[in-house]
Structure formats: C-alpha cells, structure tokens
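Quick one: the structure is below, and I'll ask about it shortly.
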Amino acid sequence: MDATTTTDDARTTADDPGRQRPGRLQGRRRHHVHRDALASWWTAVGLAAVALAALVASWRRHHPHPAPNAQAPHPAPDHPTAARHDVGRARRRWSRRRRWIVRGAGAVALLGAAGIAVNTHVGFVPDVEGLRLRLRLGSGRSVVPQPTAPANRSSGAGLAAISPDPPQGRGSAGAVQVPAPTDLRIPSDTAWVYTPPGYDPSGRTLYPTLYVLHGSPGSAVDWMASGLPGVLDSLITSGVVRPMIVVAPDTNAVGTNESSCLDSSTGGSQVETYLTSVVVPWVDTHYPVASHWRYRAIGGMSSGAYGALDQGLRHPELYGTILAILPYDHPGEGGTRQLSTQAEIDAHSPGVYVDTIDLPHPLGVFLDYGELVTDDEEGATARKLAARLRARGVDVLLRSEPGLGHTWTMALVALPHGVEFFEHQMRQAG
C-alpha cells in the first residue's frame with residue numbers, strides 16, 4: 001500500500017506567494033511513499049486483535065469447568081475407572097501446554113503489534129525492500145562503479161533531461177566501498193548508491209548527483225532503507241524530475257556516531273576531508289555524473305541536515321543546492337567531540353556565519369520541518385535561516401509538513417519536494 005501526501009495541504013512560505021515554486025505546484029500532485037505491511041497501522045491493529053483473542057482463549061481454556069477435587073484419591077490400577085482417570089489427567093496436562101502455547105503466541109503478537117506501530121510512526125523500514133537493504137540481501141548490480149571518463153563533465157553537455165517519454169521500471173540501490181586513506185581515520189568506507197531507471201553507465205549521458213547525509217545515530221544505509229529509492233523512482237518515471245544518481249556516504253567517526261561531518265582537531269576522524277576530497281572525486285570518476293556545482297546537491301535530515309548546510313555553504317565549489325530537513329544551525333554534540341575550541345565551533349555554525357560567508361554563485365536552499373516541531377529547535381532554525389538567507393539573495397523554499405514530527409516518515413514526505421526544488425534549480429541554470 002502507499003502512504004499518500006498531498007502537496008496542497010503543506011504550509012509553504014515564500015516572499016512572493018503568487019510565484020509558482022516547487023512544492024506548491026499548480027493542480028493537485030500526490031507523492032507516494034511506498035509502504036507495505038511492515039509499516040501499516042492495519043497490521044498493528046490486526047496483531048493486537050490476535051493478541052487479545054489469544055488472551056481470551058487462554059482464559060476460557062483455563063476455566064472451562066469447575067476444578068476437579070484435588071484430594072480425590074487415585075483409584076487402584078485394576079479399578080474400572082483407572083483408565084478414565086489417566087486419560088483425564090493427560091488431557092489436563094495437554095490443556096495446560098496449549099494454554100501456554102496460546103499465551104506465548106499472544107505475547108509474540110503483542111510485541112509484533114508494538115513494533116509495527118512504532119515503525120509505522122517512525123518510518124525506519126517502510127517496506128520489505130527497505131528491510132532487504134538493511135539486511136543486505138540481494139545486490140543492486142547496476143550500482144557497480146565503473147571508471148568512466150566522459151567528455152565535458154564540468155560543462156553539463158549530455159546532461160540527462162526530463163523526457164516526454166520518461167524511463168520506466170525501478171532504479172537500483174546497493175552498497176559500494178569508497179576507500180579512505182588510513183590517516184583520515186574513517187571507521188567505515190561503505191557508501192550506498194542509487195542509480196535511476198534506465199541508467200546508462202557508458203558515459204553518453206551525464207547525471208546530476210544528490211548526496212544525502214544520515215542523522216545520528218545512523219549509517220549510510222538509512223536513506224535507502226527508509227524509502228528513498230521508491231520516492232526517486234516515482235519522481236523520475238512520472239517525468240517530474242530528470243534521472244539522477246544519489247549517494248549516501250557513512251559520516252560516522254572513530255569514537256562517536258555524531259561527527260557532524262567535521263574534521264577532528266583532537267586526533268579523531270577527518271570526515272569533512274573524506275567527503276570533499278575522497279567521496280565526491282571518487283563518485284565523479286566512477287559514475288557518469290556532471291561535476292559542475294549546478295548539478296550537485298547535498299541534503300540530509302536532523303544532524304545530517306546540519307551537515308548539508310555546513311558543507312553546502314562552505315563548499316560552494318562543490319554544491320549549488322542544499323536540502324535541509326529538520327535542520328540545526330550548529331554542530332551540537334559532534335562539535336564538542338570533534339572540535340577543541342569555541343572559535344572552531346563558531347566557524348562551523350551556520351547560525352553564526354550565514355550573514356557573512358562568501359556566496360560566489362547563485363544558491364538554492366530547501367528547508368523543511370514537521371508541524372509538530374514548529375516550536376522546537378528544528379522549526380525555529382528553519383524559519384530563522386530562511387529569513388537570513390533570503391536577505392542575502394538566496395533562493396529559499398521553506399516548508400512545514402502537517403501532522404509530522406522528527407521522524408523518517410517526515411523526511412520521506414519532505415524528500416520529493418526537496419528533489420523537485422533541486423530540479424527547479426537546475427532548470428533555472430538552463
């Protein structure tokens with residue numbers, strides 16, 4: 001089944017309400033985030049009903065008749081009623097076993113109902129495909145990196161475009177290894193890559209690239225297992241956006257799961273250097289992608305949204321679009337673990353430097369948060385950054401998603417609007 005979000009219901013803030021923008025499109029467009037029984041309230045309700053039925057059945061089996069007189073003497077072996085007495089005792093033992101089996105099944109059903117309910121709310125594994133990716137079952141053959149050297153990588157010549165006859169089918173998602181020099185102290189060189197329907201690895205077509213950063217705690221697989229491939233498939237096959245490649249690197253560090261994508265000044269992992277000097281160049285030479293900043297975006301959710309803002313604003317040579325979902329404007333715990341001084345933390349805090357940092361080219365920033373965190377840090381951060389960035393001439397789209405909080409469900413509802421915004425920025429570039 002599909003969880004459907006209607007764009008018309010979202011609250012969109014813009015300087016010019018009459019201007020048509022991504023996320024506030026003419027007509028009624030519905031984005032589908034695929035969910036199956038693993039993330040369905042109906043499944044949770046069904047399992048809860050099974051647990052209740054098991055409890056009732058267990059109680060009824062426990063009190064079917066008045067209890068036999070425990071003091072009644074056992075008849076002699078040769079007594080005519082001895083056989084009946086033994087049969088009755090065996091039946092009572094089997095009845096007790098069945099009662100415990102039914103109770104065990106009920107307990108399992110109750111735990112399953114609770115797990116499905118939590119997963120439905122959070123959206124951590126929306127379907128069987130997401131579970132397959134988390135367990136690394138199967139392989140995405142079309143994501144295998146192949147050294148490519150297409151001409152005019154930086155010019156955008158041969159760039160994939162929206163076609164009146166868009167490719168159909170499904171893209172692929174799989175894990176790849178992006179080797180890191182040992183001196184960077186990167187604990188995991190695993191990244192996950194999505195290649196679109198109709199993917200052509202030959203280099204005749206160049207694809208835009210979207211880099212997505214996971215939250216904390218988290219890992220590289222999170223975006224893919226939470227439903228990103230299905231969202232991109234839907235957008236691409238319906239002709240809403242052009243085919244693109246998505247890369248989800250692991251941004252954890254030695255000794256902490258919250259690196260905030262920073263280079264440690266205390267002897268820890270050099271995560272920023274890994275992203276900018278290893279991952280991006282490696283992707284550029286192993287996949288047919290356009291290397292111009294106009295055709296690269298970086299995004300993330302929660303602490304990954306902070307990472308996207310900090311990396312995107314401080315590396316304009318790499319990125320032209322930033323997608324920040326449930327954002328923070330400071331490095332938080334990652335800053336205290338990776339950095340040694342307040343001056344270093346301030347230098348990596350968009351809330352401090354956004355008014356003065358050099359913006360050498362047009363920039364697009366997408367900010368989104370759930371309505372349930374409107375009064376929390378994420379909502380306040382998104383609104384404040386939107387106003388300050390607009391004051392500097394940045395093209396900003398600010399959204400609030402009704403009825404959603406700080407969950408992967410929120411991130412997947414926001415994702416298609418962010419990807420549309422990236423498409424809008426590329427179209428503006430011609």
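In whole Hz and in residue order, list the ³J(HN,Hα) couplings for the range 174-184 that follow from phi through the Karplus curve 6.51 cos²θ - 1.76 cosθ + 1.60, θ = phi - 60°; x for Gly and Pro.
x, 8, 10, 9, 10, x, 10, x, 4, 6, 7
Let me ask another. Top to bottom by accessible area (1.4 Å), largest first, where do 406, 361 land?
Putting 406, 361 in descending order of accessible area: 406, 361.
Give me the distance in nm between label points sitting 7 Å out from Cα along the Cα-to-Cβ direction at residue 374 and residue 429, one decimal.
It works out to 3.5 nm between the two label points.
Tell me the label-point distance for the pair residue 390, residue 57, using the 7 Å Cα-to-Cβ offset, in nm and rounded to one decimal.
6.0 nm
For the range 283-426, what % of the accessible area comes from carbon and sulfur atoms, probe 1.4 Å?
52 percent
Once phi is turned into ³J(HN,Hα) by the Karplus curve 6.51 cos²θ - 1.76 cosθ + 1.60 with θ = phi - 60°, what whole-Hz value does each residue of the range 246-255 show in order, with x for glycine and proline?
Using θ = phi - 60°, the values come out as 10, 10, 10, x, 8, 10, 6, 10, 5, x Hz.
With a Förster radius of 41 Å, plug the Cβ-Cβ distance of residue 254 and residue 165 into 1/(1 + (r/R0)^6) and report the FRET value to the nearest 0.05.
That pair, residue 254 with residue 165, gives E of 0.25.
Which whole-number value in Å² is the accessible area per residue of the range 266-411, probe 1.4 Å?
With all protein chains present, the range 266-411 gives 31 Å² per residue.
The values are calculated or read from the model by the stated rules, or taken from the named source; none is laboratory data. Just so you know, these numbers come straight off a predicted model, no measurement behind them. Note: ideal-geometry Cβ built from the backbone for every residue, glycine included; neighbour counts use all protein chains shown. Side chains are part of the model used for accessible areas, which takes the heavy atoms of the whole protein and leaves out ligands, DNA and RNA. Shrake-Rupley method; radii C 1.70, N 1.55, O 1.52, S 1.80 Å.
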